[in-house]
Amino acid sequence: MAAPTTDPAAPRPGLRRLGRPLAAFLARCTAAAGGGVLLYLGFAPRTLWWLALPAFALLGVAVHGRRARVGFALGTLFALGFLLPLLRWTGIYVGPMPWLALSAAEALFIGAAGAGMAVVSRLPAAPAWAAAVWVAAEAVRSRAPFDGFPWGRVAFGQPDGPLLPVVALGGAPLLSFVTVLAGLALGETARRLAQRRFFSAAVAGTVAAAALVAGLLAALIPSAGSLPERTVTVAAVQGNVPRLGLDFNAQRRAVLDNHVRVTEQLAADVAAGRRPRPDVVLWPENASDIDPLRNSDAAAAIDRAARAVGVPIVLGTVLAGAPDPGEPTDRPTATNSVLVWQPGVGVVDRTDKRRIQPFGEYLPWRGFFSLLSSYADRAGNFVPGIGDGAVDAAGIRLGVAICWEIAFDDVVAESVGAGAQILAVPSNNATFGLTEMTFQQLAMSRVRAVEHDRAVLVVTTSGVSAIIAPDGTVTAATSRFTPDVLVDETPVRTTTTLASRLRALPEWVVLTAGLAGLLAARRARRQERAGGDVDG
């Protein structure tokens, strides 16, 4: 009898068994990385807020039923797909090393979120537990290391979405939670439909719809307190810088002179009736990098502009401090400060930046990081300064969040708690060129406006400067790298939203829920293993 013949080209059974799991894993990796890219595409300057939903749908399906270590890998891929393009601006003039290092470090937090989401994916109501885990990871990375890096929180991609009103109830953490929940529930719906589990798919779909409706309902809840008391006319001056790049402040006097010149032109326009007379004028961060408290020429230039326009100027400056005894060379310290300059009088109020920027305004572990990049030594030696984040100018209580402080919940909430009626965001974005950074920061400012029911005035050296209404609408904006001035009627409000009163409480509630979900999943896993041993 002839022996059976086999086709040498036919796949072996063992290879088929290996190929299917490998193909499935590659599909999960592709879904995770693709979801991260979709999340990035939903961020400013684009207005594609809805891309967050399929982004998290893909991530949820990818990590479902996986072990924690696989969830970590998939979460890290999601993070890299999101953060690498989002944070490209951090390396625009200093090379790829800081950009890649920051993206990789932040990706570890999101990777941990992916691990946690995988762990809770087998629980009932898994999308809710997984969304809580995500917010817990955002909370951690907003605080550590080096005071945290909140850039890229899901909430900051939603200034144009219908869920935005939720931020007035529970702040950015609640907005992140509801957005992620809607996306994960959408993915769970698709997964169950693929398994022909129609009833459970309908339940998951209802959760996704309810999360979206939550934003519409939140818009109907009024703020507690008084209606807008009055309006004031505010001018935001964008003087521009001599050139793009890190050396923009090599001509510090030119930057100051630019803002003086634009302000004097504003004064001429007011005198000619072409513009309304402002109650207060805002200059950006670093408008005078020459300390006007020590340099009489800078002080005279600022006072000349203030006298010309006839109202106080709120300006960003750098004030020199004492040498730092902790530095081997006694490197001088400085504060990133905002001064209220009264015409003919000088400084009448002051607040300083409270959350200074690592690797920019100061360098942690200077000796170590100096070995990694030649740009490290260019970091400043700023120290957190005085003030509660609010100043008084022309009878207006201004809350001040200097540049990246707008990303930190507690910093903005403290300003509102100190009585801020309007929020100001003086910034210097010249060091990031023509990147998306300024638009991402503007999106955060729009979210803060709704969160605290305050008008927000974004004033930058080089753009984009903007005036934002309490509902998050941009009512006026400048172009980038052009001298300009915005003058607009701005509501003065003393209302307090629920988010303003609760502060970090919603975040702690959601974070606790995420931890509870992880513990419940671990207990369920132990019981499952114990049951398996008994059956065996």
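For first residues located in region 412-436 and closer than 23 Å to Gly95 by Cα, partners that are among the acidic types (Asp, Glu) and modelled with pLDDT of 95 or more and lie 6+ apart or on another chain with Cβ distances below 7 Å form the pairs Ser427/Glu285; Asn428/Glu285.
The requirement of being surrounded by 14 or more Cβ atoms within 10 Å (Cβ to Cβ) and not in a helix (DSSP H, G or I) is fulfilled somewhere in region 499-522, by at least one residue. Going by the conditions given, is Ala449 modelled with pLDDT under 95, in a helix (DSSP H, G or I) and aliphatic (A, V, I, L, M)? Considered against the rule, which asks whether it is modelled with pLDDT under 95, in a helix (DSSP H, G or I) and aliphatic (A, V, I, L, M), Ala449 comes out as no.
Would you mind stating whether Gly34 is in the same structural domain as Ala521 (by TED's automatic domain parsing), outside any helix (DSSP H, G or I), more than 17 Å from the chain's Cα centre (by Cα) and surrounded by fewer than 21 Cβ atoms within 10 Å (Cβ to Cβ)? No, not satisfied.
Quick test for you: out of Val140, Val133, Val180, pick the one residue that is within 27 Å of the chain's Cα centre (by Cα), surrounded by fewer than 24 Cβ atoms within 10 Å (Cβ to Cβ) and either assigned to a helix (DSSP H, G or I) or basic (Lys, Arg) (or both).
Going through Val140, Val133, Val180 in turn, the sole match is Val140.
Inspect region 19-27 for any residue being modelled with pLDDT of 95 or more, assigned by TED's automatic domain parsing to the domain that holds Leu164, part of a helix (DSSP H, G or I) and of a type in the set (Gly, Ala, Ser) and give the result as yes or no. No: region 19-27 contains no residue that is modelled with pLDDT of 95 or more, assigned by TED's automatic domain parsing to the domain that holds Leu164, part of a helix (DSSP H, G or I) and of a type in the set (Gly, Ala, Ser). Take region 89-104 and flag every residue that is in a helix (DSSP H, G or I) and touching a helix residue (DSSP H, G or I) at 6+ places or on another chain (Cβ under 6 Å). Once the filter is applied, which keeps residues that are in a helix (DSSP H, G or I) and touching a helix residue (DSSP H, G or I) at 6+ places or on another chain (Cβ under 6 Å), region 89-104 yields Trp89, Thr90, Gly91, Pro98, Trp99, Leu102, Ser103.
The values are calculated or read from the model by the stated rules, or taken from the named source; none is laboratory data. All of these numbers come straight from a predicted model, not from anything done at the bench. Every residue, glycine among them, receives a Cβ derived from its backbone with ideal geometry; neighbour counts consider all protein chains shown.
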